[in-house]
1. Restricting to segment 539-595, and then to whatever is small (Gly, Ala, Ser) and free of Cβ contacts under 8 Å to residues at least 24 places away in the same chain, can you tell me which residue is farthest from ligand 2 (Cβ to nearest atom)?
2. Any residue at all in segment 276-288 that is farther than 22 Å from ASN146 by Cα, part of a helix (DSSP H, G or I) and either of a type in the set (Lys, Arg) or modelled with pLDDT of 95 or more (or both)?
3. Of the residues ARG73, ARG63, ARG50, ARG57, only one is open to solvent by 20 Å² or more (accessible area, probe 1.4 Å), among the charged types (D, E, K, R) and within 16 Å of ligand 1 (Cβ to nearest atom); which?
4. Just a yes or no: is a residue in segment 379-394 open to solvent by 40 Å² or more (accessible area, probe 1.4 Å) and either in the same structural domain as SER101 (by TED's automatic domain parsing) or in contact (Cβ under 8 Å) with a residue 12 or more places away in the chain (or both)?
5. Give me the pairs: first residue in segment 396-416 and outside the structural domain of LEU86 (by TED's automatic domain parsing), second residue within 11 Å of ligand 2 (Cβ to nearest atom) and of a type in the set (A, V, I, L, M, F, W, C), beta-carbon distance under 6 Å, and six or more apart or on different chains, which are they?
6. Just give me the residues in segment 323-348 being in a loop (DSSP other than H, G, I, E, B), buried (at least 17 other Cβ atoms within 10 Å of the Cβ) and within 22 Å of the chain's Cα centre (by Cα), in sequence order.
7. Given the residues GLY314, GLY320, which is the only one that is open to solvent by less than 10 Å² (accessible area, probe 1.4 Å) and either out of contact with any Cys (no Cβ under 6 Å at 6 or more places or on another chain) or at pLDDT 95 or above (or both)?
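The values are calculated or read from the model by the stated rules, or taken from the named source; none is laboratory data. Computed from a prediction, not measured in an experiment: that's the story for all the values here. We place every Cβ from the backbone using ideal geometry, glycine too, and count neighbours over all the protein chains shown. Ligands, DNA and RNA are excluded from the accessible area calculation, which covers all protein heavy atoms including side chains. Shrake-Rupley method; radii C 1.70, N 1.55, O 1.52, S 1.80 Å.
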Amino acid sequence: MMTPTTTQTVCGICSGTCGINLKLQDGAVVAIEGDGEHPVSKGHLCPKGRAFPELLRASDRLRQPLKKTDTGRLEPVSWEQALDYLASNLSSIKAEYGPESVAMHVGQAGVGKEFFPYVERFCNVFGSPNFSTSGSHCHESKSMANVMTYGTLPIADYVHSKCIVLWGKNPLASTPSIVNELKESRARGCRLLVIDPRETSLARQADLHLQVRPGTDGALALGLLHVVIKEALYDREFVRKWVVGFDKLEEHVSTYTPQKVEAITWIPAAKIRLAARLYASSSPACISPGVALELHGNGFQAARAIAILQAITGNLDISGGALFLSEAQLSTMVVVNQREPAQAIGQHEYPLFHTSTGHAQAHRYADAILEGKPYPLKALVIVGSNPVLTWPNAARVRKAFANLEFLAVMDPFMTETARLAHLVLPSATFLGRHELWDSSHLSREPRLGLAPKLCDEEGLLTNWEVWKELAGRMGYAGYYPWKDEEEAINDRLKPLGLTLEDLRGMPGGYVYDTWTAKKYERAGFETPSGKVEAYSAGLERYGYDPLPTYVEPAESPLSTPELARVYPLVLTTGARSLEYIHSRFRNVPSLRGRAPEPYVEVHPAKAHELCIEEGEMVLVESPRGRVEMRTKYSDEIDPRVIFIPHGWSNANANILTDDRVLDPVTGFPPARALLARIVKKVSTNTSPEVRSTPSCVL
Ligand SMILES: Nc1nc2c(c(=O)[nH]1)N[C@H]1C(S)=C(S)[C@@H](COP(=O)(O)OP(=O)(O)OC[C@H]3O[C@@H](n4cnc5c(=O)[nH]c(N)nc54)[C@H](O)[C@@H]3O)O[C@H]1N2
Ligand SMILES: Nc1nc2c(c(=O)[nH]1)N[C@H]1C(S)=C(S)[C@@H](COP(=O)(O)OP(=O)(O)OC[C@H]3O[C@@H](n4cnc5c(=O)[nH]c(N)nc54)[C@H](O)[C@@H]3O)O[C@H]1N2
Ligand code: SF4
Ligand SMILES: [Mo]
């Protein structure tokens, strides 16, 4: 037995870039602790990071490729057989139906990871326009809205701020490594405003909590703009010099009085006024917009209204405000697509999304598979995603995937999606590969660092090796000229004048940029006008509203009162829990112990009205389907609203969500604002015989 060695590296489970000290013995991780010297995380380690050794040891970790037999069983095969099978299926489907009949999707596990660009490169060389990512439901919508308004998606500078607005974001669960910064700012007297339908623990500590009706953030933003403009709380000088279309905006928001916005959002008018004054009179102030804003049919325009609010209050690119930073400019792996003239799936419906991302919109894949629209999709390769649990209208996603001629999944574990696959390829974790990390989304001192490969994981190829091997088999070896990942990463690092060896000696990363204030004063904003576009002629050309408009959720007590009589509750799904990442880690005992099962959060008054006990098994139903789970009383939620988590295979929240009415600009799904009802189960042993509430007489 060798003596243990301790290595300083960075946790690769999520994008939190937490520095860790890993103790390894004979290729196994025996201990993990937070690295107090790490400049970004300063010793923080969340429960998922602490559970990493458990994750590696998990008994259900896949170690061998699995191929579906004629009888429908997944049986182990060798890597050689698996890669040959993958190559021959991709080739024959391409030959028969054209390259666009194959799509490749990299999910959340690929965000910021090194294998991501190699999959995209492969898809380009293969000739399919259908490369998609978790950007089909995450991040890209607010990024596009901010880019269309002032050229970039800024980050909120908690550390130097006098007022932080957490808007549909809960860093305690989603970005725990930066919570200390928030707490330190609070200790220095920084104000905190939380906009969330639930009274989270940060909402409880806030100066002001706006308990918004899910899906109405756009109306709230217009209401705040109304007060800020009417009370002349904006930065006149900045607006005069830098904002295009302010007069049109002023007119546009003039009808969004606090009273009107109260009726839409359920937030008292007085609180809306107070929030506008608190935010606009604090300088500098920053807004930290979460994914909750994006997962709506109106998310893009809501994010635009919020971007404009940050701009007219003079908070752009100032210390403590919205910082303009860019990611490290690594060399891109994208090659010119060899594709036929076929359009990407979703390109016709969401042309701006396609122009901005260069990607297909994955939420239209089911249409292509089941209805041949815009053309038939016959094969899918899923890398680091579990769509059956994470994409909207899961029953339809499952049906579509089951109809594919060929489905391949690359994942370290057997998932709901992998069970449907013809081929499952196991993946190595960050321990078994070189990984770069970039902290530009977290702090104004952007760092690029290396989490080096620490051992070979038994029986596994890394995702990078899989794509290189596949490329070799399909005649694309010339596009993958690197002999190993180290050489490929060195190529990626060239524009920065760095090598992998340089980064090896810098466990805290390399600071690749120095933030300077108000860069726009020198170069203008990166928009067609060089200014902040409150009125966007670019959006107008695409046929979208050039001003940020509010549209009611497609399904809501106001837009569909008839449906609301049957489904009277507003449902929001998927707020993060610290223990899990989406569908991951239910198999890790220490994490499962902390959050053993899904539950529907319901206000006690509503539960009482429905005769539902705390902890009782109930059915939560939407027009698309039903899931079964326990109730959890919570007086932190409006009695008209319920919440359920996502990512559970035994109670899949996305059975309830909709894939029909998507955001018209981005194709994002409305996972955070639906209509639903809670139905009491009559008996626990007969399934699922139910009766509708609310009558209490059983
Ligand atoms: N532990 C953990 N961390 C994660 C992830 C994970 O799965 N687990 N996922 C990562 C990913 S991919 C993402 S996108 C981020 C997301 O992380 P965040 O942006 O922080 O988003 P969430 O935690 O999903 O939701 C934040 C809050 O939005 C509230 N909310 C729900 N509906 C609405 C609404 O209509 N309007 C408003 N204003 N608020 C609403 C919820 O109650 C919740 O408290 O987290 C990342 N970090
Ligand atoms: N109802 C509802 N649905 C939602 C959301 C919501 O709030 N509500 N949030 C949405 C958002 S913002 C997002 S980003 C998506 C995320 O949805 P997905 O992209 O599906 O993400 P995960 O469920 O985390 O699945 C990641 C998979 O990758 C695997 N994996 C982990 N590491 C690796 C690796 O190194 N290589 C490979 N090949 N695989 C790996 C994991 O085991 C897991 O099976 O969910 C969306 N779905
Ligand atoms: S937040 Fe947790 S999972 Fe994410 S990098 Fe940090 S320790 Fe790892
Ligand atoms: Mo996400």
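1. First, pick out the residues of segment 539-595 that are small (Gly, Ala, Ser): 543, 554, 556, 559, 564, 574-575, 577, 583, 590, 593, 595.
Subset that is free of Cβ contacts under 8 Å to residues at least 24 places away in the same chain: 543, 559, 593, 595.
Details: GLY543: 27, SER559: 20, GLY593: 19, ALA595: 15 Å.
Restricting to residues being small (Gly, Ala, Ser) and free of Cβ contacts under 8 Å to residues at least 24 places away in the same chain, the top hit is GLY543.
2. yes
3. Numbers: ARG73 fails: within 16 Å of ligand 1 (Cβ to nearest atom); ARG63 fails: within 16 Å of ligand 1 (Cβ to nearest atom); ARG57 fails: within 16 Å of ligand 1 (Cβ to nearest atom).
Every option except ARG50 fails the conditions.
4. Of the residues in segment 379-394, the ones open to solvent by 40 Å² or more (accessible area, probe 1.4 Å) are none.
No, segment 379-394 has no match at all.
5. Here the result reads none, with nothing in segment 396-416 linked to a residue that is within 11 Å of ligand 2 (Cβ to nearest atom) and of a type in the set (A, V, I, L, M, F, W, C).
6. Going through segment 323-348, the residues in a loop (DSSP other than H, G, I, E, B) turn out to be 324-348.
Imposing the further condition that a residue be buried (at least 17 other Cβ atoms within 10 Å of the Cβ) reduces the set to 324-325, 328, 330, 333, 337, 339, 342, 344-347.
Those that are in a loop (DSSP other than H, G, I, E, B), buried (at least 17 other Cβ atoms within 10 Å of the Cβ) and within 22 Å of the chain's Cα centre (by Cα): PHE324, LEU325, ALA328, ALA344, ILE345, GLY346, GLN347.
7. Details: GLY314 fails: open to solvent by less than 10 Å² (accessible area, probe 1.4 Å).
Being open to solvent by less than 10 Å² (accessible area, probe 1.4 Å) and either out of contact with any Cys (no Cβ under 6 Å at 6 or more places or on another chain) or at pLDDT 95 or above (or both) holds for just one of GLY314, GLY320, which is GLY320.
Each row is one residue, and each column tells you yes or no for (1) within 16 Å of ligand 3 (Cβ to nearest atom); (2) of a type outside the set (Gly, Ala, Ser); (3) assigned to a helix (DSSP H, G or I).
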{"residue": "ASP70", "(1), (2), (3)": "no, yes, no"}
{"residue": "GLU75", "(1), (2), (3)": "no, yes, no"}
{"residue": "ALA82", "(1), (2), (3)": "no, no, yes"}
{"residue": "LEU86", "(1), (2), (3)": "no, yes, yes"}
{"residue": "SER91", "(1), (2), (3)": "no, no, yes"}
{"residue": "ALA95", "(1), (2), (3)": "no, no, yes"}
{"residue": "MET104", "(1), (2), (3)": "no, yes, no"}
{"residue": "VAL119", "(1), (2), (3)": "no, yes, yes"}
